[in-house]
Amino acid sequence: MLAGFKEFISRGNAVDLAVGLVIGTAFTAIVTALVENLIDPLIAGLVGQPDFADVWHITIGEATMRPGAVLTAVVNFLLVAAAVYFLVVLPLNKLAARRKQEDVEPEAPADDVIVLTEIRDLLAAQAGRGSTPQN
């Protein structure tokens, strides 16, 4: 039983998962700071409140529904997704495309193709001379 667990832990998938979890947790702090320090103040400047939770609410009896809170979550998601895309994903994709383009070298023709091309050109030149009428 312990040997199987040791094999599972030492496989790359478990290590990759652990690394992804740690990086994801660290990225959460970045996203939280982005929302609290940039997006919420932007919304507060436009609406007068840091979110839409209390902008629109419906009271039925003692229950209060706040569709504005859902709208705040949607807006935050879209703004964070746009920021991540334009600030992280797009530059990394362009960098990867540039690296891929630099890695691709034009292939030189093989030696036998070069020799065959030269033979073809010589035969074409000889055929051109031989086919001209002589006086």
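With the checklist (1) under 21 Å from Ala83 (Cα atoms); (2) of a type in the set (A, V, I, L, M, F, W, C); (3) at pLDDT below 80 in hand, flag the one item Val15 doesn't pass.
If we test Val15 against (1) under 21 Å from Ala83 (Cα atoms); (2) of a type in the set (A, V, I, L, M, F, W, C); (3) at pLDDT below 80, just (1) comes out false.
Quick one: which residue in Val70, Val55, Val47 is within 26 Å of Phe27 (Cα to Cα) and of a type outside the set (Lys, Arg)?
Val70
Suppose we keep only residues that are β-branched (Val, Ile, Thr) and not in a helix (DSSP H, G or I) within segment 33-73. Which one would you say is nearest to the chain's Cα centre (by Cα)?
The extreme case among them is Val55.
Please work out if Asn76 is touching a helix residue (DSSP H, G or I) at 6+ places or on another chain (Cβ under 6 Å), of a type outside the set (Ser, Thr, Tyr), assigned to a helix (DSSP H, G or I) and surrounded by 11 or more Cβ atoms within 10 Å (Cβ to Cβ).
Working: touching a helix residue (DSSP H, G or I) at 6+ places or on another chain (Cβ under 6 Å): yes; of a type outside the set (Ser, Thr, Tyr): yes; assigned to a helix (DSSP H, G or I): yes; surrounded by 11 or more Cβ atoms within 10 Å (Cβ to Cβ): yes.
When the stated conditions are applied, Asn76 passes them.
The values are calculated or read from the model by the stated rules, or taken from the named source; none is laboratory data. Nothing here was measured: the structure is a model prediction, and the numbers come from that model. Cβ sites come from the backbone with ideal geometry, for glycine too, and all protein chains shown count toward neighbours.
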